[in-house]
Every structure is written in structure tokens, then in C-alpha cells.
Amino acid sequence: PVSSQTKLKHRSRIESSGTFTTILSTAPGCSVTMVVGSSKPPLQVVLGSLSSDTISKQCGAAASRDNSTAYILGTSASALKLKIDGRVPMEDRKAPLSQFRPKSLMLSTVRVVAINTSSTLSTYFSDQLQSEQDNEKLVDDGEITPYEADEMNEEWESREWRKRMDVLPSKIGYALLRFHTCTILMRFYEFIAGRYILCVDGNARLEGGSIPGRDNSTYEHSVDVMDKLTRDPFQASLRTSQILHNQEHSPGKVISSDGKETSTSSELCKQMYTTCLWANIIPFLAELTVQHGVLLYGYGMYYMEKKRKRKEREMSNSDSEEQCNDEQDEAEPVDESAYALSILFRSCHLTFSRGVSLIAASVGGAVGSAIYPGWGAVFGIQIGDTSVGALLD
């Protein structure tokens with residue numbers, strides 16, 4: 001499988017031999033060979049130029065060693081291996097501000113509204129059930145009559161429903177703002193990783209196929225790492241499931257990466273756990289950054305409000321209360337120390353919670369992929385994250 005964007009712009013001729021088809025391009029200065037038709041061996045796609053003897057030897061050796069089919073495309077002197085599923089490395093990476101495109105914006109808005117509405121309703125019904133149980137207990141104890149319990153239940157329903165519906169729009173607006181802030185931070189972290197840490201963006205790779213201070217294998221490793229960090233779990237689940245089913249040598253059985261026979265679902269869970277773990281690092285880091293920002297903002301507002309009230313109190317105090325104020329001011333350094341310690345404790349708690357959520361989300365994505373590839377991974381990640389959040393937050 002080759003991307004639909006890959007096109008031969010020069011005259012080509014097609015030669016067929018059995019189940020294999022070879023396409024030879026006659027473009028000046030390059031020869032593009034594409035061998036297709038082999039279904040059982042794994043596919044290996046290599047971008048590069050046949051004019052480079054090194055690349056040709058590498059492709060031939062890799063194809064012989066892995067029993068794979070090699071695709072050689074392009075005219076650059078450098079070589080870049082496509083993934084086993086035919087993806088261009090970093091193909092799933094999103095463009096900056098892509099979440100503001102009409103389709104993406106609509107889907108994200110519907111998703112955020114649905115999550116917050118369902119969360120509000122589930123909390124309301126849970127609290128309503130708890131309130132009714134408390135009133136029933138009072139009836140059993142003889143403290144109130146059943147008629148009074150019904151009136152209390154109706155009053156609670158009317159009061160709480162109005163209060164929660166009034167808060168819901170602002171809650172959804174805050175959730176949308178938080179979602180887009182996290183997404184922008186994700187793209188920013190991807191930019192920093194690609195441009196300055198892994199050096200796979202911009203002019204990091206020179207025209208000659210080399211990077212200052214690094215060899216070609218190091219660059220390919222950096223591309224592989226960046227590809228793992230920007231994978232789309234939804235697409236990865238579908239692709240991995242399809243590849244494993246194509247590699248089955250018997251119904252429900254495949255050969256794992258360590259050479260042992262295992263079930264297809266087990267191998268899918270294993271591979272998707274690793275994929276989800278890598279793919280969720282940047283999103284969870286962005287979420288952790290936003291949570292720390294909210295934490296510091298909340299503590300900062302609380303501290304400034306407390307300081308303002310203290311100044312107002314000092315201005316309005318009489319001479320007889322000055323001594324008490326002096327004693328409170330002497331205790332202020334202790335309050336500031338406790339204030340800083342509280343921020344540190346909450347920060348460590350948030351970091352630990354996000355770390356556990358990352359692992360739980362990866363497990364959920366792996367299990368969801370085994371149940372229903374694609375959407376199963378998405379819902380599994382969401383369930384794993386929210387479950388740990390409900391327990392630790």
C-alpha cells in the first residue's frame with residue numbers, strides 16, 4: 001500500500017511476472033522500482049534513490065533477511081523506511097491549529113458537550129438517589145412522615161435541577177476552553193520535540209541526507225520516536241488489527257515479535273498498549289500543564305484575596321485591636337510556608353495522578369482495540385483516564 005499522493009510524473013512501463021508486478025520509471029537520473037503482489041510476507045517500503053548503491057544494497061539485504069517486499073520510491077539520496085502498514089512516518093501528526101478547522105471544531109465541540117452533559121446528568125441522578133435514600137431512612141426512624149419525605153424530594157429535585165442547569169453552560173464553556181488550550185499545548189510540545197529535541201523538522205535534515213553531528217541511523221531513530229509520539233490511536237488500532245489478521249498462519253493465531261505463537265487478540269493488546277503509551281505522552285503532558293496552571297492560578301487568587309482582606313481589616317481596625325493584628329502578622333511567615341507546602345503537595349498529587357492515568361488509559365486502549373478496533377481504542381482510553389481520575393482526583 002502506497003499513499004495516494006505518491007505519483008509517477010514520468011513515463012513508465014509495466015512488466016508482469018506471475019503474482020509480481022514491476023514498474024520501471026524512465027525519469028532522468030533515477031530509477032523507481034515498485035514490486036507488488038506478495039500477500040504473505042510482510043511489506044517493507046523504502047523511500048530513496050536506486051542511484052545510491054548503499055541504499056540499493058540495504059533494501060536488498062533487508063528484503064532477503066525479513067522475507068519482505070521492498071518498495072523503493074523517490075529521487076533523494078537519503079532513504080526513509082515506511083511503516084509495515086504503508087504509512088509515511090509521522091503521517092498521523094496534526095497540523096498546528098488543525099482543531100479549528102470546521103469539521104474538527106464541530107466534532108470536538110459535540111464531544112465536549114456530550115461528555116459534560118452526561119457527567120452532569122449522572123451526578124444529578126446519583127445525588128438524587130442518595131437524597132431519597134436519606135429521606136427514606138428518616139421515615140423509617142419515625143422522624144418525618146412519608147408525605148413530608150415526598151415534599152422534600154420534590155423540593156430537592158426542583159432546586160438542584162435548576163442550579164445544575166444554570167451552571168452547565170459555563171461548565172461547557174470552561175471545558176471547551178480547557179480542551180483547546182490542551183490541544184494548542186500539544187502542538188507546541190510536538191513543535192519543540194520535532195524542531196529542537198529530535199531535529200526532524202525544518203532544516204534539521206540537509207539536502208545531502210545527513211544531519212550535523214549525527215548519522216543516518218540516528219535520524220531514522222528520531223523519526224521513529226516522533227512517529228510514535230504523534231500516532232493516532234484510532235487509526236493505529238485499525239491498521240494493527242488488519243495487519244495481524246493478515247499475518248495469521250491459522251485462525252486466531254500469529255507469530256509474536258519474539259517468535260512465539262500467540263493469539264491475535266493478545267498480540268494486538270500488546271502492540272496497542274505500547275502504541276497508546278507512546279501516543280498519550282504528549283496529550284497527558286499538556287493536560288498536566290493545564291492542571292498545574294489552574295492550580296497555581298487558584299492558589300494565587302486565594303492568596304491575593306486573603307492579603308487584600310487583611311489590609312482592609314488593618315485599615316478599619318481600632319487602636320485596641322492593633323496588638324492582635326501584630327500577632328497575626330507575626331504568624332504570616334508560617335502561613336506562607338504552609339501555603340507553599342500545600343502547592344507542592346497538590347502538584348505532586350497531580351503528577352502522580354496523571355502518570356497513573358497514562359498507564360490506565362494505555363491499558364484501556366489496548367483492551368478496547370481487542371474488543372472493537374478503532375472506536376474501542378478511543379473509548380478504552382477515555383474510560384481508563386476517567387476511572388483513575390475519579391479515584392485519585
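The values are calculated or read from the model by the stated rules, or taken from the named source; none is laboratory data. All values reported here derive from a predicted model rather than from experimental measurement. All Cβ positions, glycine included, derive from the backbone under ideal geometry; neighbour counts span all protein chains shown. Accessible surface areas use protein heavy atoms only, side chains included; no ligands, DNA or RNA. Shrake-Rupley method; radii C 1.70, N 1.55, O 1.52, S 1.80 Å.
Ranked by accessible surface with a 1.4 Å probe, highest first, in what order do VAL112, VAL167 come?
VAL167, VAL112
With every protein chain kept in place and ligands, DNA and RNA left out, what is the accessible area per residue of the stretch 102-206? Probe 1.4 Å, answer in Å². Before the final figure, lay out each step's value.
Values: 6880 Å² over 105 residues.
Counting only protein heavy atoms, the per-residue value for the stretch 102-206 is 66 Å².
Measure off, as a whole percent, the carbon and sulfur share of the 1.4 Å-probe accessible area of the stretch 110-196, all protein chains present. Could the numbers behind the result be given before it?
Working: 3400 of 5660 Å².
Whole-percent figure for carbon plus sulfur exposure: 60.
Describe numerically, in nm with one decimal, the distance between label points set 7 Å from Cα along Cα→Cβ at TRP375 and at LYS163.
3.6
Quote the charge dipole size of the stretch 132-188 about the Cα centre in Debye, to the nearest 20; the model charges only the Cβ of Lys and Arg (+1) and of Asp and Glu (-1).
1180
Hey, rough spin-label estimate for ASP258 and SER98, points 7 angstrom out along Cα→Cβ, what's it come to in nanometres?
That separation, rounded to one decimal, is 3.5 nm.
Whole-Hz Karplus ³J(HN,Hα) for the stretch 109-119, in order, using 6.51 cos²θ - 1.76 cosθ + 1.60 and θ = phi - 60°, x for Gly and Pro?
Per residue, the Karplus-derived 3J(HN,Hα) values read 5, 4, 5, 5, 5, 5, 5, 6, 5, 5, 5 Hz.
Using θ = phi - 60° and the Karplus form 6.51 cos²θ - 1.76 cosθ + 1.60, what ³J(HN,Hα) does each residue of the stretch 126-136 get, whole Hz, x for Gly and Pro?
With coefficients 6.51, -1.76 and 1.60, one gets 5, 5, 5, 4, 5, 5, 5, 5, 5, 5, 5 Hz.
State the extension gain, in nm to one decimal, for the chain segment bounded by VAL110 and TYR124, taking 0.36 nm per residue of separation less the distance between their alpha-carbons.
Result: 3.0 nm gained on full extension.
Roughly how many nanometres apart are two label points built 7 Å out from the Cα toward the Cβ at GLU336 and ARG310?
About 0.8 nm separates the two model spin labels.
Probe radius 1.4 Å, ligands and nucleic acids left out: which of TRP156, TRP375 has the largest accessible area, and how do the rest follow?
Heavy-atom accessible area, descending, gives TRP375, TRP156.
If you count only protein heavy atoms and use a 1.4 Å probe, how large is the accessible surface of LYS163, to the nearest 10 Å²?
Using a 1.4 Å probe on the heavy atoms, I get roughly 110 Å².
What ranking of CYS348, CYS182 comes out by heavy-atom accessible area, probe 1.4 Å, highest first? Provide the component values of the computation, followed by the final result.
Working: CYS348 75, CYS182 15 Å².
Sorted by accessible area, descending: CYS348, CYS182.
So how much slack lies between LEU392 and LEU177, counting 0.36 nm per residue of separation and subtracting their Cα-Cα distance, in nm?
Working: separation 215, 0.36 × 215 = 77.40 nm, distance 2.34 nm.
My answer for the length gained is 75.1 nm.
What is the set of long-range amide H partners of LYS81 at a cut-off below 5 Å, with H atoms built 1.01 Å from backbone N?
LEU47
In whole Hz and in residue order, list the ³J(HN,Hα) couplings for the stretch 97-103 that follow from phi through the Karplus curve 6.51 cos²θ - 1.76 cosθ + 1.60, θ = phi - 60°; x for Gly and Pro.
So the Karplus estimates, Gly and Pro as x, are 6, 5, 6, 9, 5, x, 5 Hz.
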